[in-house]
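Have a look at the structure below before the remarks.
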Amino acid sequence: MSNTQKAAAPARETIALDPRRVAQDFPILKQKIHNGKRLVYLDSGATSQKPFTVIDAMNEYYHVSNANVHRGLHVLAERATEIYECARTRMHFFINAYLPGEIVWTKNATEAMNLVAHGYARKFLKAGDEVIVSRMEHHANLVPWHLLAKDKGVVVKGIELNADGTLRLEELDAFLKGGKVKIVALTHVSNVLGTINPIAEIAKKVHDAGAIFVVDGCQAVPHLPVNVQTLGADFYAFSAHKMLGPTGLGVLWGRMSLLEKMDPFLGGGEMIEEVTISSSTYKEPPGRFEAGTPPIAETAGMTAAVEYLMKTGMANIRAHEKELVSYTLERLKSVKHLKVFGPANPEIRAGVFAFEFEDIHAHDVAQILDGEGVAVRAGHHCAQPLHEWLGSPSTARASAYLYTAKEDIDALVKALETVRKKFA
Amino acid sequence: MQDAHNEEKNLDQLYRDVLFEHYRRPHHKGELAGAEIVTKGNNPVCGDKVTVYGKLDAQGERLEEVGFDGKGCAICIASSSMMTETMRGKTLAEASAASDKFKAMMRNEAAFEVPPEVPDLEALEGVKKFPVRVKCATLAWTTLKNGILAYQAGKTGGETVEACETNTEKE
């Protein structure tokens with residue numbers, strides 16, 4: 001069992017969220033769909049909805065401050081640059097990075113993972129070196145390593161899972177003992193099983209073996225208090241749009257000592273110091289990794305998103321979702337012939353619920369749920385190796401967030417009964 | 001609001017009773033022994049997987065029997081079942097043309113016509129309004145055509161991958 005992850009923060013009182021009041025801040029959730037049905041949005045694992053403060057911040061940026069960053073000397077350029085760099089500082093506080101400069105803005109979390117693979121691993125790994133991933137990874141934490149394996153002869157190996165959907169950490173120990181592991185790349189929270197992996201515990205093992213630890217934090221940063229210093233990984237990637245922010249913006253956090261050693265992945269404007277016809281020198285991190293005009297309005301939205309999350313309190317959000325996990329697992333038990341995947345223990349589970357009806361295809365399930373106003377996702381959720389393990393090419397997945405109420409789960413359960421009746 | 005209302009109606013059009021009948025009791029499902037045409041179809045995004053069988057007459061020109069096996073959503077299985085009804089007794093050229101025509105109909109590139117011998121096919125017209133599901137309906141039809149082409153080229157086996165036009169898998 002891997003619930004050995006010590007609570008990073010000391011136990012403290014949390015304040016109960018009222019998700020229905022929270023939902024009032026999200027204009028999109030107020031609409032009616034399909035002939036007057038309430039929209040029950042249970043696809044936050046794919047992307048979260050945005051509070052009006054985020055939408056307004058981006059709107060205001062274009063109304064008041066729009067300019068390109070860093071190069072201009074005029075008033076708008078100064079404003080835009082300040083917005084862009086303040087967002088970086090705000091993000092560094094939010095995840096407790098050591099320095100603002102350790103926050104690299106990317107297009108999305110996928111680009112952040114690729115930046116580690118191509119900027120770091122391509123430079124320092126050689127044929128025969130091992131990269132350890134796991135059975136529960138999103139394709140964004142598999143394919144970049146596969147590309148490297150093809151080009152450089154790096155070997156990619158995977159940690160298998162226990163029956164409850166937790167990592168078989170003894171397999172990691174065995175890989176590390178082999179002495180060839182240079183990188184371990186794991187997700188913090190599974191986007192299908194909801195498993196919360198014991199990152200701090202794993203970080204210690206990885207570092208004892210002299211390897212680098214890369215974490216996919218896409219499903220963690222929006223839902224749990226994340227403190228990169230206490231987690232102790234070396235790189236940590238996540239995206240803005242799953243944490244109330246806009247699409248088109250991702251984050252790679254990396255230790256400055258590692259970022260400094262890395263080669264740029266994209267070349268072009270913004271990231272250079274000096275350019276001649278035949279050669280160029282690069283800026284220090286993070287600028288080195290931010291070639292071209294970056295997403296600027298998106299960083300304005302990101303700042304508003306981080307403010308919203310901090311104001312609400314990440315510990316409160318986690319407490320709310322943990323309660324929702326218990327409630328949902330219990331309610332789903334009442335649906336006949338429904339199989340729910342992932343850990344039963346709410347302590348090590350986030351608000352992600354992949355499920356399957358015996359003999360009803362996930363797309364049929366999702367289609368009928370949609371007809372009832374309940375938005376879930378169906379498919380392999382960019383995790384084909386995991387679905388191979390589940391023995392099912394596709395599952396339906398409901399995922400919760402701070403605006404998800406028990407009533408939403410009740411609506412899901414009711415709609416699942418409709419599915420069962422239709423297919424009975 | 002009007003649109004929302006139409007969508008509501010469409011979902012009933014998608015899961016028609018006739019379609020459910022074919023889904024629950026598919027025609028010609030199961031391995032067809034002695035089939036000359038045996039070919040697989042795969043829709044990796046949905047996880048629909050079918051194998052389509054064709055047994056030819058003595059001249060090797062006409063499909064005497066058509067069958068399928070596999071797993072998939074209600075649309076995929078019902079459409080596979082109706083495909084076997086449609087194709088039985090057709091020459092290879094006729095079957096290829098029928099496959100093309102069905103695909104064109106489902107993609108709104110041709111008028112939806114129901115062959116008198118397979119009236120149930122009408123139940124699939126509603127699928128057109130759900131673009132993401134069209135490939136579920138066309139999988140078995142495309143697979144049979146590719147099986148015919150492979151047979152004519154002197155090959156057996158092969159796998160058809162039905163590309164997903166609307167990728168719903170972005171995370």
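Summary table
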{"read-out": "Conditions (1) assigned to a helix (DSSP H, G or I); (2) free of Cβ contacts under 8 Å to residues at least 24 places away in the same chain; (3) within 14 Å of chain B (Cβ to nearest Cβ): number failed by A:Thr81", "value": "(3)"}
{"read-out": "Looking only at the range B:67-85, and only at residues there that are part of a helix (DSSP H, G or I) and away from chain A (no Cβ under 14 Å), the one that is surrounded by the fewest Cβ atoms within 10 Å (Cβ to Cβ)", "value": "B:Glu85"}
{"read-out": "Subset of the range A:111-154 that is closer than 24 Å to A:Pro294 by Cβ and charged (D, E, K, R) - its residue that is surrounded by the fewest Cβ atoms within 10 Å (Cβ to Cβ)", "value": "A:Lys123"}
{"read-out": "Those residues of the range A:155-180 which are outside any helix (DSSP H, G or I), open to solvent by less than 10 Å² (accessible area, probe 1.4 Å) and under 15 Å from A:Val214 (Cα atoms), in sequence order", "value": "A:Ile159"}
{"read-out": "Conditions (1) at pLDDT below 95; (2) open to solvent by 40 Å² or more (accessible area, probe 1.4 Å); number of the one not met by A:His63", "value": "(1)"}
{"read-out": "Scope the range A:333-392; condition in contact with a helix residue (DSSP H, G or I) (Cβ under 6 Å, 6 or more places away or on another chain), more than 14 Å from chain B (Cβ to nearest Cβ) and open to solvent by 40 Å² or more (accessible area, probe 1.4 Å); matching residues", "value": "A:Val340"}
{"read-out": "Candidate set: the range A:118-174, residues that are basic (Lys, Arg) and in contact (Cβ under 8 Å) with a residue 24 or more places away in the chain; chosen: the one farthest from the other protein chains (Cβ to nearest Cβ)", "value": "A:Lys126"}
{"read-out": "Counted residues, the range A:370-400 - those being closer than 14 Å to A:Arg135 by Cβ and of a type in the set (A, V, I, L, M)", "value": "3"}
{"read-out": "Neighbours by Cβ (under 6 Å, 6+ apart or cross-chain): first from the range A:305-320, of a type in the set (Phe, Trp, Tyr); second open to solvent by 10 Å² or more (accessible area, probe 1.4 Å)", "value": "A:Tyr308/A:Thr53"}
{"read-out": "Failed item in (1) facing chain B (nearest Cβ under 10 Å); (2) under 23 Å from A:Asn35 (Cα atoms); (3) open to solvent by 30 Å² or more (accessible area, probe 1.4 Å), with A:Glu417 passing the rest", "value": "(1)"}
{"read-out": "Residue under evaluation A:Lys422, criteria (1) at pLDDT below 95; (2) closer than 17 Å to A:Gly45 by Cα; (3) open to solvent by 60 Å² or more (accessible area, probe 1.4 Å), criterion not met", "value": "(2)"}
{"read-out": "Condition check for B:Lys145: modelled with pLDDT of 95 or more and in contact with an Asp or Glu (Cβ under 9 Å, 6 or more places away or on another chain)", "value": "yes"}
{"read-out": "Test: residue in the range B:46-56 that is within 14 Å of chain A (Cβ to nearest Cβ), assigned to a helix (DSSP H, G or I) and either open to solvent by less than 10 Å² (accessible area, probe 1.4 Å) or under 18 Å from B:Thr160 (Cα atoms) (or both)", "value": "no"}
{"read-out": "Some residue of the range B:6-23 being within 29 Å of A:Ala366 (Cα to Cα) and in contact with a strand residue (DSSP E or B) (Cβ under 7 Å, 6 or more places away or on another chain)", "value": "no"}
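The values are calculated or read from the model by the stated rules, or taken from the named source; none is laboratory data. Keep in mind it's a predicted model, so treat the numbers as computed, not measured. We place every Cβ from the backbone using ideal geometry, glycine too, and count neighbours over all the protein chains shown. Accessible surface areas use protein heavy atoms only, side chains included; no ligands, DNA or RNA. Shrake-Rupley method; radii C 1.70, N 1.55, O 1.52, S 1.80 Å.
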